[in-house]
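Have a look at the structure below before the remarks.
The values are calculated or read from the model by the stated rules, or taken from the named source; none is laboratory data. In this text, all values refer to a predicted model and were calculated from it rather than measured experimentally. Here the Cβ positions follow ideal geometry from the backbone for every residue, glycine too, while neighbour counts run over all protein chains shown. To get the accessible areas, we keep the full protein, side chains included, count just its heavy atoms, and leave off ligands, DNA and RNA. Shrake-Rupley method; radii C 1.70, N 1.55, O 1.52, S 1.80 Å.
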Amino acid sequence: MADTTSRTSHAGLGVRPSGTRHPLVATAMVLPLAALLVVAFGGWDAVVVQASSVGVMLGR
């Protein structure tokens, strides 16, 4: 029963009782790892190559 009271009081404070995170918090957690993977595996070069290929196909 105490658990129900706890959930009710937290819900009024804006705390998510389901354990989900705000999308911006999740993004902030993932970005450092994503940047590390881009540097480690040369992902930035792949993005540049793909962008230039699309530019050539579009005639730019």
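The table below gives the values:
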item	result
SER52 part of a helix (DSSP H, G or I), at pLDDT 85 or above, open to solvent by less than 100 Å² (accessible area, probe 1.4 Å) and polar (S, T, N, Q)	yes
Condition check for LEU24: of a type in the set (A, V, I, L, M, F, W, C), at pLDDT below 90 and not in a loop (DSSP other than H, G, I, E, B)	no
Condition met for ARG7 (in a helix (DSSP H, G or I), at pLDDT below 60 and surrounded by 10 or more Cβ atoms within 10 Å (Cβ to Cβ))	yes
Segment 31-45, subset open to solvent by 90 Å² or more (accessible area, probe 1.4 Å) and of a type in the set (A, V, I, L, M), residue modelled with the lowest pLDDT	VAL39
